[in-house]
Every structure is written in structure tokens, then in C-alpha cells.
Amino acid sequence: MPGWYAVHLMRSETLFFATSAALLTFAAVPHAGIYIPVPPVPGSIATTAFAIDDRNMIAGSYRDAAGTEHGFFGTLDGDYASFDYGHNSTGTQARGRAVDGSITGVAAADGFAVGIEFFRKPNGKLLTFTQHRRPLDGIAQGINGFDTSVGDYSNTDGIIGGYYGVAGSYHNDFNLQVRGWLQNSPRGISEDNTVSGFFIDRRGAQHGFVQQDKFVQVVDYPDANAVATALEDINRAGQAPGQWNDTAGNPHAFVLDMNTGTFTVLDPGDGSTFQQAWSINGHGLVSLSTSKGASFIFCPVAPKKCPQPGFERTDRHLHVAPDRLQPAGNSMRTLPPIRGISKHGALQ
């Protein structure tokens, strides 16, 4: 991949897109990681591990022989339980999992552009995210240890925007600090309520973002062929997995360390044409899936500390210099370290 990277800075009136003269250079160096294959759900034709929590419990979806999608959760040795949203739904995806066992997700259904957003309590009870008694249509995904979640939904004007949920109830809209966005989709939330996701700007381009209170970092992946970037989660250490799309529309997985400005390319080498990274836990383990219908857990630490069995693979480790950012309407300042945020707990 080309050795360059640009982070776009927010101006007080609009987004300013860096020219090639402002691009930063870096070197790609070897970086070893352990990939743990996720056992497929018995009888499935594809298994996607969307989430991994701090106890290394996973959650996701699988397709049966008839192509119907079901939610599942369990351990990395393949001890799974499955569930369905039910009612008039035609498919179920478990997208996020909290350490207490709560699960967020989406269920496809007639009359919904994306699907019905739900919250599954640890006891198995399913709640539906609603606003004014109407089920939200979109994706509920990121959830932290306080059962604060994020997702997106299409409002009555057809605009897709983000929101916060608390324990299965809609709380309030997410206010992305970018002017002129056409869509904003939060996907991850840390214990410090730092939010990651993606947005579409007024020109129709898709960018990743990380937002702390009123300060936002806009992220585009460092490749000349990258036409879209999305961040899917973030942990308290400031590590954010995601993917970028090439000109052919294929996504490629990575994890970004916001504190060091480092991308790590994720590819288990299974011969897949695309890879997607979804979730990261507090230990840095990342869940990812591939075009082969397979899923893996990426472990960046020493093999003895990784779940077993797994195999080692050398990936590229991409370092960029720290960048600055600007909140809308404010003067330029430096993003504070994510681990230094003092805000804790669920939204009040």
C-alpha cells in the first residue's frame, strides 16, 4: 500500500480537504499478530463474529442452509447459543456485546429500509429501540460496560443520523461536530463515552471519525485507492478497528491506534477478496470477518497471552505523525489523550 496518510481538519465553516502537498509520509514495517479462527456455527454456511467483549465472549450472526440469518453468542471454543428477534423479522444480527451479556443488534423486516434495532438483556428479554413509540430503522451496534449504546436511524425526513441508547431505550440524538453532513453513523462507544463511526460529507464522500465531547478527529485510510473509510468500534485505550473500501468496492480491515497514529493492517491470509474488522475489547482483541464466510479474532500481544488455538501472521504496521483537529466554530487545539477523559458511566 502507498506510504501516505491524510487526516482532514475541520474549519469553522466547512471541512477542508488536504492536498497532496500536505500528505504525511510513513514507513511500513513488519508486525506480527495471532489470528484465532472462530469456529463456525454447526450447520451454517457463513459465520460473522461482530462483537467481542472483555471476557472474550463473542456475538454475531450466521446463515443456515436456507440462507436465513440468526443471531448467536458464546465462547471461542464454539459453545454457542442462538436467538432470533422473532415477530415479523426475516433475519437477525447480533452487532454489539457488553461484558454483562447485553447484546445490541438489528433484525431485517418488511417495511424497514435496514431493520428493527434491538437490545437483548442478559436474561434473554428483547427490547426494541423506539422513538415516539415507533421502532427505529437502522443499526444498533456499539455498547460499553454501562449499557450505553450507539446506532443510527432514519428520521421522518429520511435523514440518517446517530443516537445514544441506554439499556435498550432511545436516549437522545448524537450530535456529530461536523457541519453539512448528509449522514452520520456512530458505530462504537468506549467506557469513557468516546464515539467512533463514519459520516458522509456534503460532497458524498465517506470518512471515519472519533469524537470526544465537542472535539472530532476525521480519519481517512492511507491508500491512494481508498474511496471510503469507516470505524466500527473504539476501546478506552483509543484503539479503533474499521475498514476502507477500494475502487472496486472491496473493504479491507485495519485497527487504528489514536494515541500513536498507527494503523495495523488485518488480513488472516485465507484467500479472501475482502476483510472487515468490527469490534475491539479492552485487551486489544479484534473481531473480523472475510469474504469466505469465516471469522477470526486478531490478538496483537504475545502468543502466550492469546486465546488458543491460533496462527501467527506478519502484517504491516503503519505509523503516522500525530495530527490536530478543530471543533466546529472553535479555535484549533490538540485532541486530549483518550485515556485522560474524566467522564465515566452511562449518560445522565
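Rule-based calculations on the coordinates, nothing more; no lab input. Keep in mind it's a predicted model, so treat the numbers as computed, not measured. All Cβ positions, glycine included, derive from the backbone under ideal geometry; neighbour counts span all protein chains shown.
Which residues among the stretch 181-209 fall inside the zone where the amide N is under 19 Å from a point 7 Å beyond the Cα of Arg236, along Cα→Cβ? Taking a point 7 Å out along Cα→Cβ of Arg236, the residues of the stretch 181-209 whose backbone N falls under 19 Å are 188-196.
With a cap of 14 neighbouring Cβ atoms within 10 Å, and only residues DSSP puts in a loop, list the trypsin sites (Lys or Arg not before Pro) found in the stretch 160-248.
Within the stretch 160-248, the qualifying trypsin sites (Lys or Arg not before Pro) (loop, at most 14 other Cβ atoms within 10 Å) are Arg202, Arg203, Lys214.
Assuming R0 = 25 Å, can you tell me the calculated FRET efficiency for the pair Thr156 and Lys214, based on Cβ-Cβ distance, to the nearest 0.05?
Working: r = 27 Å, r/R0 = 1.07.
Approximately 0.40, to the nearest 0.05.
For a test of the definition: using alpha carbon positions, the gyration tensor, and the 1.5 limit on a/c, classify the stretch 50-107 as rounded, prolate or oblate. Intermediate results must be reported in sequence, preceding the final value.
On the way: a/c = 2.59, a/b = 1.55, b/c = 1.67.
Oblate shape, in that a/c is at least 1.5 and b/c is the bigger or equal ratio.
Length gained on full extension, Thr75 to Asp246: 58.3 nm, using 0.36 nm per residue less the C-alpha separation. Return, ordered by residue number, the residues of the stretch 109-129 whose backbone nitrogen is under 20 Å from a label point located 7 Å along Cα→Cβ of Arg55. Only 119-127 pass the distance filter. Under the classification rounded if a/c is under 1.5, otherwise prolate if a/b is larger than b/c and oblate if not, where does the stretch 241-280 fall, given a ≥ b ≥ c as square roots of the Cα gyration tensor eigenvalues? Because a/c hits 1.5 or more and a/b exceeds b/c, the stretch 241-280 counts as prolate.
Summing charges over neighbours of Ala226, with a neighbour being any other residue whose Cβ is under 12 Å away from its Cβ, gives -3 when K and R count +1 and D and E count -1.
If you count, for each residue, the other Cβ atoms within 10 Å and average over each peptide, how do 130-137, 54-61 line up from highest to lowest?
54-61, 130-137
What shape does the stretch 89-179 take by its C-alpha gyration tensor, where a ≥ b ≥ c are the square roots of the eigenvalues and a/c under 1.5 counts as rounded, a/b above b/c as prolate, and the rest as oblate? It would help to have the intermediate numbers written out before the result.
Working: a/c = 1.89, a/b = 1.18, b/c = 1.59.
Oblate, since a/c reaches 1.5 and b/c is not below a/b.
Note on the stretch 140-275: with charges restricted to the Cβ of Lys and Arg (+1) and Asp and Glu (-1), its dipole about the Cα centre is near 360 debye.
Computed FRET efficiency, Cβ-Cβ of Ala113 and Asp173, R0 25 Å: what is it to the nearest 0.05? It comes out at approximately 0.85.
Given 0.36 nm per residue, what is the gain on full extension from Thr260 to Asp100 after removing their alpha carbon distance, in nm?
Working it through step by step, the gained length comes to 54.6 nm.
Once the Cα-Cα distance is subtracted from the 0.36 nm per residue extended length, the Ser291 to Ile45 segment shows a gain of 87.4 nm.
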